[in-house]
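Below is one structure, written out as structure tokens; comments come after it.
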Amino acid sequence: MAAPRSFLWSRRIFLTLLTAFVLLPVYVMVSSSLKPLQDVSGKFQWIPTGLTIRPYFDIWETVPLADYFVNSLIVAGAATVCSVVIAVFAAYAVSRYSFRGKRVFTVTVLSTQMFPGILFLLPLFLIYVNIGNATGIALFGSRAGLIITYLTFSLPFSIWMLIGYFDSVPRELDEAAKVDGCGPLGALFRVIVPAAVPGIVAVAVYAFMTAWGEVLFASVMTDDTTRTLAVGLQGYSTQNDVYWNQVMAASLVVSLPVVAGFLLLQRYLVAGLTAGAVK
């Protein structure tokens with residue numbers, strides 16, 4: 001039975017408005033990044049008259065954007081790798097074994113997502129400072145401290161999602177691997193992990209995006225040498241002026257790695273989120 005014409009037109013109008021709502025901010029960013037500063041500071045023009053790519057060169061000189069880029073890559077990459085490795089082992093243990101406190105562990109892991117991140121800011125700050133004073137290990141103002149901080153947010157969700165994905169993998173595969181002579185770790189890496197690639201990719205993308213765009217903890221836990229991109233963008237605002245064209249250009253450059261990664265891994269991400277959400 002064909003849908004009524006009124007429904008088809010209503011759907012087209014709604015999708016058109018939704019597309020315009022999504023693409024309008026992107027157009028503003030792109031057009032503003034191609035304008036001279038005096039054009040951006042004045043009244044906004046929907047159709048720019050004078051275009052220039054100079055802001056895309058100036059963003060690297062106004063602030064040390066390359067250093068911030070390296071810091072973000074190191075922190076986000078390390079947090080992603082650690083989160084995936086730990087989540088795989090933890091989720092495999094919860095999914096395949098029965099032990100005392102299993103339900104309490106899973107509920108505790110998931111319940112940590114109910115608390116706002118700012119609630120952990122002061123405790124983590126005090127812990128890092130006290131560890132530095134007691135042992136000389138500098139966690140505050142270092143990349144290592146920021147990586148550990150991001151693990152506290154990405155790990156609970158990663159473990160919970162992989163538990164659901166591992167539960168969807170038939171246990172007969174584990175038994176077949178044991179018949180072939182594999183131990184628990186052999187079954188994990190030779191059978192379970194290859195079958196759970198979409199879920200692992202979804203966890204990796206989530207962990208990377210969480211670390212890449214985080215601002216609150218990065219603004220407190222870093223210094224001038226370990227500052228990340230999300231915080232470094234504030235450098236385009238001075239006491240005298242705000243370089244809006246460079247802010248827009250830098251924002252687009254910062255977004256490229258995440259957008260490119262999402263487009264390349266989109267099919268794995270959708271499959272992983274769908275399987276991990278339903279047991």
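If I compute solvent accessible area with a 1.4 Å probe over the protein chains, what percent of it on segment 121-264 is carbon and sulfur?
Solvent-exposed carbon and sulfur of segment 121-264 make up 67 percent of the total.
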*Residue-averaged 222 nm ellipticity for the chain, from DSSP H runs of 4+ at -39500 (n - 2.57), nearest 500*: -23000 deg cm²/dmol
_Set of aspartates and glutamates with alpha-carbon distance to residue 35 below 15 Å, sequence-local pairs under 8 removed_ = 58
*Hey, rough spin-label estimate for residue 5 and residue 242, points 7 angstrom out along Cα→Cβ, what's it come to in nanometres?*
4.9 nm
*asked:* Need one number: nm distance between label points at residue 216 and residue 14, each 7 Å from Cα along Cα→Cβ, rounded to one decimal.
replied: 3.4 nm
_Can you list which of the DSSP-assigned H helices in the chain have a Cα extent of 27 Å or more along the long axis and an average Kyte-Doolittle score of at least -0.5?_
5-33, 65-96, 143-168, 244-264
*asked:* Could you put 43, 35 in order of accessible surface area, largest first, with the 1.4 Å probe and the full protein assembly present?
replied: 43, 35
*Kindly state, as a whole number, the per residue volume in cubic angstrom of the convex hull around the alpha carbon atoms of segment 75-127.*
111 Å³
_Debye equation applied to the C-alpha atoms of segment 117-257, log10 I(q)/I(0) at 0.16 Å⁻¹_ = -0.94
*Bin width 5 Å, alpha-carbon pairs only: give the P(r) of segment 29-73 as whole percents, running from 0 to the bin holding the largest distance.*
5, 20, 25, 18, 14, 10, 7, 1
*Using all C-alpha to C-alpha distances in the chain, build P(r) with 5 Å bins and read off the rounded percent in each one.*
1, 5, 10, 11, 12, 12, 12, 11, 9, 7, 5, 3, 1, 1, 0
*asked:* Return the equivalent ellipsoid semi-axes of segment 189-230 as a descending list in whole Å, where each equals the square root of 5 times an eigenvalue of the C-alpha gyration tensor.
replied: 32, 10, 7
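Per residue, how much accessible surface does the chain expose to a 1.4 Å probe? Answer in Å², no decimals.
58 Å²
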_I'd like the distance separating the alpha-carbon centroids of segment 116-135 and segment 34-104, in whole Å._
24 Å
_Quick check for you: which residues of segment 127-164 have the amide N under 20 Å from the point 7 Å beyond the Cα of residue 118 toward its beta carbon?_
127, 149-150, 152-154
*So between residue 54 and residue 129, what do we pick up on full extension, going 0.36 nm a residue minus the alpha carbon distance?*
22.8 nm
*Please report the orientation-averaged projected area of segment 19-137, defined via the convex hull of its C-alpha atoms, in nm².*
14.2 nm²
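The values are calculated or read from the model by the stated rules, or taken from the named source; none is laboratory data. Model, not experiment: these values are computed from the prediction. Reconstructed Cβ throughout: ideal geometry from the backbone, glycine too, with neighbour counts over all protein chains shown. To get the accessible areas, we keep the full protein, side chains included, count just its heavy atoms, and leave off ligands, DNA and RNA. Shrake-Rupley method; radii C 1.70, N 1.55, O 1.52, S 1.80 Å.
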